[in-house]
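Trainee: Below are the structure tokens for one structure; questions will follow.
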Amino acid sequence: MWNSWCEELAKRMCAETDTDMSSDVYELMGYDLETKKIRMGMLAEKTHPYIKEKVVEMLIKQGFSEWEAKNVLKKTWKDTPENMQIKMTGNLRDLFTRLKKKNIKIAICTSDSREGTVEFLERLNLSHLVDIVVCGDDAVSVAKPDPHNAIHICKELNIDLSEAIMVGDTPADTIMGQAANLGLTIGVLTGVGTHEDLTHADVIVNNVSEVVDLISPNADSKEFHSVTVTARGIFKIAERSSFSQTNNKNAVMNRAFHTSSVKNTEILNQKK
């Protein structure tokens, strides 16, 4: 979805300025044209208002006046791709439905624009399954990794911070979860982040399906997933476990994968 958006923006800016600035746009956004993937960087972690400011700064550095730079941005910027193509990393409707059946509240906290997020949810028929959405250009929003949005969501849903789970694919997501002192912070590898990027998570899983299996397992399921529990995660689980006063490492590790205490809310990050 966002690879086409980057390429479309670069084409419009080149046409508007009569200058080949594609490589500059891609570098600013963190987009790899060769692999057609979004790297960790501006587009993956920052809000649209912030990115627009940086686009103006880039144009000014290239010799445009501030007025010219803002005018170019105004004529070329679009919050969503012209032909939105959504790459699915899991059956979100099925996963969200499973969570709702367990009375688990669902929130989306994203740095994307509200326009693009609403379009995404409507196209996938997910809007009715989501309890609250906070977007990067909302007046109430504070950019990640500030814990404000996570705290705001829990307050709006009347959920204790310790009973919330943050799921994300960037350091901004996982750092926000820890800064807000949420019950659990889970990193997923189907986005832009790698194991090395997600060291602030308590648990790292391969995809969002495994997240739902972890916190809301089917009673008759015989599937087992390989997950990574970070040192931070082991400490948190041990600290909150009845085993925290024992030196029995095996007992602590067994509790690390216990999922019977289902959380009341899941904060999901839909990202570029």
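Trainee: I'd like to know if region 128-151 contains one or more residues that are farther than 18 Å from residue 184 by Cα, free of Cβ contacts under 8 Å to residues at least 40 places away in the same chain, of a type in the set (D, E, K, R) and not in a loop (DSSP other than H, G, I, E, B).
Mentor: No, because not a single residue in region 128-151 is farther than 18 Å from residue 184 by Cα, free of Cβ contacts under 8 Å to residues at least 40 places away in the same chain, of a type in the set (D, E, K, R) and not in a loop (DSSP other than H, G, I, E, B).
Trainee: So, in region 128-144, how many residues would count as being open to solvent by 60 Å² or more (accessible area, probe 1.4 Å) and under 13 Å from residue 49 (Cβ atoms)?
Mentor: Count: 2.
Residue-by-condition table, conditions (1) within 15 Å of the chain's Cα centre (by Cα); (2) modelled with pLDDT of 95 or more; (3) under 20 Å from residue 234 (Cβ atoms):
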| position | (1), (2), (3) |
| --- | --- |
| 181 | no, no, yes |
| 192 | yes, no, no |
| 197 | yes, no, yes |
| 214 | no, no, yes |
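Trainee: Pick out, from region 1-93, the helices (runs of 4 or more DSSP H) lying fully within it that include 3 or more residues that are at pLDDT below 95 and surrounded by 14 or more Cβ atoms within 10 Å (Cβ to Cβ). Spell out how you get there, then give the answer.
Mentor: Working: elements: 2-17, 22-29, 42-45, 48-61, 66-76.
By residue number, 2-17, 22-29, 42-45, 48-61.
Trainee: Would you say residue 153 is touching a Lys or Arg at 6+ places or on another chain (Cβ under 7 Å), among the aliphatic types (A, V, I, L, M) and under 26 Å from residue 98 (Cβ atoms)?
Mentor: Considered against the rule, which asks whether it is touching a Lys or Arg at 6+ places or on another chain (Cβ under 7 Å), among the aliphatic types (A, V, I, L, M) and under 26 Å from residue 98 (Cβ atoms), residue 153 comes out as no.
Trainee: Residue 173 versus (1) closer than 22 Å to residue 235 by Cα; (2) assigned to a loop (DSSP other than H, G, I, E, B); (3) touching a residue at least 40 places away in the same chain (Cβ under 8 Å); (4) acidic (Asp, Glu): which is the lone unmet condition?
Mentor: Checking residue 173 against (1) closer than 22 Å to residue 235 by Cα; (2) assigned to a loop (DSSP other than H, G, I, E, B); (3) touching a residue at least 40 places away in the same chain (Cβ under 8 Å); (4) acidic (Asp, Glu), the one that fails is (2).
Trainee: Among (1) more than 19 Å from residue 39 (Cβ to Cβ); (2) in contact with a Leu (Cβ under 9 Å, 6 or more places away or on another chain); (3) not hydrophobic (A, V, I, L, M, F, W, C), there is one condition residue 168 misses while meeting the rest; what is its number?
Mentor: Single failed check for residue 168: (1).
Trainee: Failed condition for residue 166, given (1) closer than 18 Å to residue 211 by Cα; (2) open to solvent by 10 Å² or more (accessible area, probe 1.4 Å); (3) under 15 Å from the mean Cα position of the chain (by Cα), with all others met?
Mentor: (2)
Trainee: Next up: Name the pairs: first residue in region 198-224 and under 19 Å from residue 102 (Cβ atoms) and open to solvent by 10 Å² or more (accessible area, probe 1.4 Å), second residue part of a strand (DSSP E or B) and modelled with pLDDT under 85, Cβ to Cβ under 8 Å, at least 6 apart or on different chains?
Mentor: 208/268; 215/266
Per-residue answers, yes or no, for (1) within 26 Å of the chain's Cα centre (by Cα); (2) within 23 Å of residue 169 (Cα to Cα):
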{"site": "7", "(1), (2)": "yes, yes"}
{"site": "10", "(1), (2)": "yes, no"}
{"site": "16", "(1), (2)": "no, no"}
{"site": "21", "(1), (2)": "no, no"}
{"site": "41", "(1), (2)": "yes, yes"}
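Trainee: A further question on this structure: Would you point out the residue of region 135-150, among those that are among the aliphatic types (A, V, I, L, M) and closer than 15 Å to residue 46 by Cβ, that is farthest from the chain's Cα centre (by Cα)?
Mentor: By that ranking, first place goes to 142.
Trainee: Out of the residues in region 106-127 that are assigned to a loop (DSSP other than H, G, I, E, B) and without any contact (Cβ under 8 Å) to a residue 40 or more places away in the chain, which is surrounded by the most Cβ atoms within 10 Å (Cβ to Cβ)?
Mentor: 126
Trainee: Taking into account only those residues within region 170-197 that are closer than 20 Å to residue 216 by Cα and in contact with a Lys or Arg (Cβ under 8 Å, 6 or more places away or on another chain), which is least open to solvent (accessible area, probe 1.4 Å)?
Mentor: Out of the qualifying residues, it is 183.
The values are calculated or read from the model by the stated rules, or taken from the named source; none is laboratory data. As the structure is a prediction and not an experimental result, all values here were calculated from the model. Note: ideal-geometry Cβ built from the backbone for every residue, glycine included; neighbour counts use all protein chains shown. Ligands, DNA and RNA are excluded from the accessible area calculation, which covers all protein heavy atoms including side chains. Shrake-Rupley method; radii C 1.70, N 1.55, O 1.52, S 1.80 Å.
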